[in-house]
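One structure is given here, and the rest of the page talks about it.
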Amino acid sequence: MMIFIIINHNVSRSSRSCCRTSSCCCRTGFSPIEEARFFYNALEIKDFSNIGKYNKESIEIQKLAKDLPASPSTITKRLYLLALPEQVQNMLEAKDIGLLVVEQISRLRRLDIHH
């Protein structure tokens, strides 16, 4: 099954440019890390030290979720994957560990950071 994103004037500039530059943004079957990179680029995040400001209630996440077929919760969860060590990201892409396990690791790391 293919999903195509129709680009119109109501879609944000960052989402449109990301769609034009990403060769695979209009298909299903993204890996979670590919989705995370796509959302990261679409939001034009410059610094991971500010990643904590992006949660499912943030205006930027809400706008992106409207533009794309993804929930604010999914976008937020994917973004936090990029804050994990590269080794964990590689294991997820290689399917050595599952997404649910990696999301739990991500949650634990966020709790540790905030306390």
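Modelled label positions at Leu100 and Asn55, each set 7 Å beyond Cα in the direction of Cβ, lie 2.5 nm from each other.
The protection proxy used here, the mean number of other Cβ atoms lying within 10 Å of each residue, ranks peptides 73-82, 100-109, 60-69 as follows, highest first: 73-82, 60-69, 100-109.
Distance from a point 7 Å along Cα→Cβ of Arg110 to each backbone N in region 73-102: keep the residues under 19 Å and list them by number. Of the residues in region 73-102, 73-86, 88-89, 92, 98-102 have backbone N under 19 Å from the label point off Arg110. Cross-link reach is defined here as a Cα-Cα straight distance under 20 Å, omitting same-chain residues fewer than 8 places apart; for Lys46 the lysines meeting it are Lys56, Lys63, Lys77. Of all alpha-carbon pairs in region 53-115, indicate the percentage at a distance above 14 angstrom. Considering region 53-115, 59 percent of its Cα-Cα pairs are separated by more than 14 Å.
Read-outs throughout are calculated quantities, based only on the coordinates presented, and are distinct from any laboratory measurement. All values reported here derive from a predicted model rather than from experimental measurement. Glycine gets a Cβ as well: all are built from the backbone with ideal geometry, and neighbour counts include every protein chain shown.
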